[in-house]
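Heads up, the thing below is written out as structure tokens.
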Amino acid sequence: MHLAAHLYLTWTSISSALFSPTDRRHISAAFDAVHHATLCQRLQHTFGLEGRVLHWLRSFVSDRCQYIAVGGEKSDTVFCDSGVPQGSVLGPLLFSLYVAPVSDVIAAHGISLHQYADDIRTYISLYPKDTDDQSQLADFTADVSRWFLESSLLLNPAKTEAVVFGTAARLKGVESAGSIMAAGARVQFVEAIKLLGVTLDPTLSMDRHVVA
């Protein structure tokens, strides 16, 4: 069976990426929203960490505090019950472990996933006519958005992108001005998307990358 096209959606910052149609999703202030107690629970119950290793990781994220200093003035010190240090070696890894369960939500809809830290890219193969019937995609994006909200994270629709890949002949059956609903907002299909520094156009001709 020959499928028509690939929708790729990408979220690149959980303040987060998704279809082929491709959708790219972005999470808002992602690293700051990692709840320490929930992270430690997932490390223990989902990944089986215990004993000294779990204690080390718990001590790494716990009992952190912060304040703001401007000139000679300094705010009160407050303790933080969420957030992992950005710029640290462990930060991206701990965030990836924190959001790992969302892969089960995505897989339940028959959609594939690639992820690194707060950069999520999902993709699915479909026929051109299926880009008009978006009930499966609507259910999928609603469930993913709900999971992130329950984990104290918000998807950023302003940084979500969607693109449809396929042959020139198959793409003729896809509305070029088409769009999908993602995180409660309508996301228009784009003419190109950048993936790991490579600019990809809908037919994967690489022309956009060469002239970029």
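The values are calculated or read from the model by the stated rules, or taken from the named source; none is laboratory data. The shown structure was predicted, so the numbers you read here are calculated from the model rather than taken from an experiment. A quick note on method: Cβ atoms are made from the backbone with ideal geometry, for glycine too, and the neighbour counts reach across all protein chains shown. When the accessible area is computed, the model is the full protein with side chains, heavy atoms only, and any ligands, DNA or RNA have been set aside. Shrake-Rupley method; radii C 1.70, N 1.55, O 1.52, S 1.80 Å.
In sequence order, region 92-106 has phi-based couplings of x, 5, 5, 5, 4, 5, 4, 9, 3, x, 5, 4, 5, 5, 5 Hz under the Karplus curve 6.51 cos²θ - 1.76 cosθ + 1.60, θ = phi - 60°, and Gly or Pro positions carry x. Other residues whose C-beta falls under 14 angstrom from the C-beta of residue 101 contribute a net charge of -1, scoring Lys and Arg +1 and Asp and Glu -1.
The residue 171 and residue 107 beta-carbon pair, evaluated with R₀ = 35 Å, returns a calculated FRET efficiency of approximately 0.80. Across 111, 68, the residue with the most accessible area heads the list, and the full order at a 1.4 Å probe is 68, 111.
Which of rounded, prolate or oblate describes region 38-130 when judged by the alpha-carbon gyration tensor and an a/c cut-off of 1.5? Oblate is the answer for region 38-130, as a/c is 1.5 or above yet b/c matches or exceeds a/b. In this label model, residue 44 and residue 73 are separated by 4.2 nm, measuring between points 7 Å along each Cα→Cβ vector. Close amide H pairs (under 5 Å, H built 1.01 Å from N) link residue 181 with 187, residues at least 5 positions away or on another chain.
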